[in-house]
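Here the structure is laid out as C-alpha cells; the discussion comes afterwards.
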Amino acid sequence: MGVLSFGVDVGLESINTWKFATLRKAAATSLAAQGGARGGAGSGFGFYAALVSICLGLAGISAALVAFGSPWAAGSGIPEVKAYHIPGES
C-alpha cells in the first residue's frame, strides 16, 4: 500500500510540474505576442485557453477513472467506499 501511495504522489507531482510549466510557457507566449506587458486586444487568451483545456482534460480523466474504475466512489466517495469495504455489511 505504501508503494502505491508513493506512486500516486510521484505521479501527481509530475502532472503538476507539467501543468505549471505549460501554463508558464503559454503566459510567456501570450505576453510576447502582445509586445510585452502592455495589454490590448487578445491579451491572455492563449494562457486562458491553455488553463481551461488542461483543467478540463484532467477533470475528464478523473471522472473517467471514477466512472469506469470504481463507480461506488462517485460523489464524495468516502461513505460509499467505507461501506463497501466493511466486512459483513452490505
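Just so it is clear, none of the values below were taken in a lab; they were calculated from the coordinates. Bear in mind the structure is a predicted one, so any value in this text is a computation, not a measurement. Note that each Cβ is placed from the backbone with ideal geometry, even for glycine, and that neighbours are counted across all protein chains shown.
Here are the numbers:
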{"read-out": "Net length gained if the chain between residue 49 and residue 27 were fully extended (0.36 nm per residue, minus Cα distance)", "value": "6.9 nm"}
{"read-out": "Approximate spin-label separation residue 64-residue 8, in nm, with each point projected 7 Å along Cα-to-Cβ", "value": "2.0 nm"}
